[in-house]
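Quick note: the coordinates plus some simple rules give every number you see, no bench work behind them. Treat the numbers as computed from the prediction; the structure is a model and nothing was measured. Counting neighbours? That spans all protein chains shown, and the Cβs are built from the backbone with ideal geometry, glycine included.
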Amino acid sequence: MLGLPCSTEVNCRIPKEKLYAHMASASSVRDMIKNQVELIIWRNKLAVSTMGVAAGENVKEIQVFEVVLRQHGLDKAVISAIAKAIPYKILFILTFGNEVQAWMETLGSFYHTDWLPFDGFTLQFDGLNLDAVYENLVHQIAGGRLCRTAALSEAVERDKCRQKIEREIAALEKKILHEKQFNKQVEMNRELKRLKKELEEYNNEQAKV
């Protein structure tokens, strides 16, 4: 599916019980895993010894986990709990039926692709070292949400700001619909216009890169 070298293959099933032992999550997350996940397979290990690329300053290994689902979608709390339990960068490949979705965490934020058919799903594992491979994967999975000309930390911070504005716009639009007082509606619409202009500036700047 990913076209990785045979030298990276692990293909080892990870028992849920073994995973629970390393998780500090609430029982509700464990219930989500039981209900939403059929099985977890450690598919690949990307490292100096398996890929022939140099170690990164920050990234020494990238693990590839296939998560076979019982439903179309997985709660982000499950992915977050697994990521915290494993001391390496993880590329999550979610599969359900004949569809696949990739997830990856960076700097506290999670990004994912759309659900795609197996035949239409590809990722490029490019880079002279594992830092570069990791960053390239994050950018591919983020799908244009992160600026490629900025440092990854800066790009993620900008995306967090943009998401915050989007949430504020959605909340304010909902509030305006239920506001009865005309004066307050005017004030809210003024703030909504400001937020939309700020969001447009973020999007226009992103479109230039």
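Is it possible to state the helix-based mean residue ellipticity at 222 nm for the chain, with each DSSP H run of 4+ residues giving -39500 (n - 2.57), the sum divided by total residues, to the nearest 500 deg cm²/dmol? What is it?
Rounded to the nearest 500, it is -14500 deg cm²/dmol.
Could you tell me the number of lysine pairs in the stretch 6-142 with C-alpha atoms less than 21 Å from each other, where the two lysines are 8 or more residues apart or belong to different chains?
19
Relative to the Cα centre, what is the charge dipole magnitude of the chain, using +1 at the beta carbon of each Lys and Arg, -1 at the beta carbon of each Asp and Glu, and rounding to the nearest 20 debye?
Dipole magnitude for the chain comes out near 660 debye.
If you line up the long axis of helix 130-142 against the longest principal axis of the chain, both from Cα atoms, how many degrees apart are they, to the nearest 10?
Its long axis makes an angle of about 50 degrees.
Of all beta bridges DSSP finds with both residues in the stretch 1-140, what is the antiparallel percent, to the nearest 5?
75
Along the charge dipole of the chain, which of V59, H178, G97 sits closest to the positive end, that is, farthest toward it, with unit charges on the beta carbon of Lys, Arg, Asp and Glu (+1, +1, -1, -1)?
About the Cα centre, the residue reaching furthest to the positive side is H178.
Taking the highest mean first, how do the peptides 82-93, 34-45, 114-125, 148-159 order by number of other beta carbon atoms within 10 angstrom per residue?
In descending order of packing, they fall as 82-93, 34-45, 148-159, 114-125.
Counting only residues 5 or more places away or on other chains, whose amide H sits under 5 Å from the amide H of V100 once H atoms are built in the peptide plane?
Under 5 Å from the amide H of V100: L116, F118.
Would you please give the residues with an amide H less than 5 Å from that of N44, counting only those at least 5 places away or on a separate chain, with H modeled from the backbone geometry?
Here V10, N11, V64 satisfy the definition.
Taking every DSSP beta bridge that has both residues in the stretch 60-209, what percent is antiparallel when rounded to the nearest 5?
Antiparallel bridges make up about 65 percent of those DSSP assigns within the stretch 60-209.
Taking the radius of gyration and the Kirkwood hydrodynamic radius from Cα positions alone, what is the Rg/Rh ratio for the stretch 51-181, to two decimal places?
Ratio value, two decimals: 1.05.
Starting from the Cα of N203, step 7 Å along the direction of its Cβ; do the same at A21; then give the gap between the two resulting points in nm.
5.0
Nearest 5 is fine: what % of DSSP beta bridges in the stretch 51-116 come out antiparallel, could you say?
Of all bridge pairs located within the stretch 51-116, approximately 60 percent are antiparallel.
Give the distance, in whole Å, between the Cα centre of the stretch 5-52 and the Cα centre of the stretch 99-115.
Going from one Cα centre to the other spans 16 Å.
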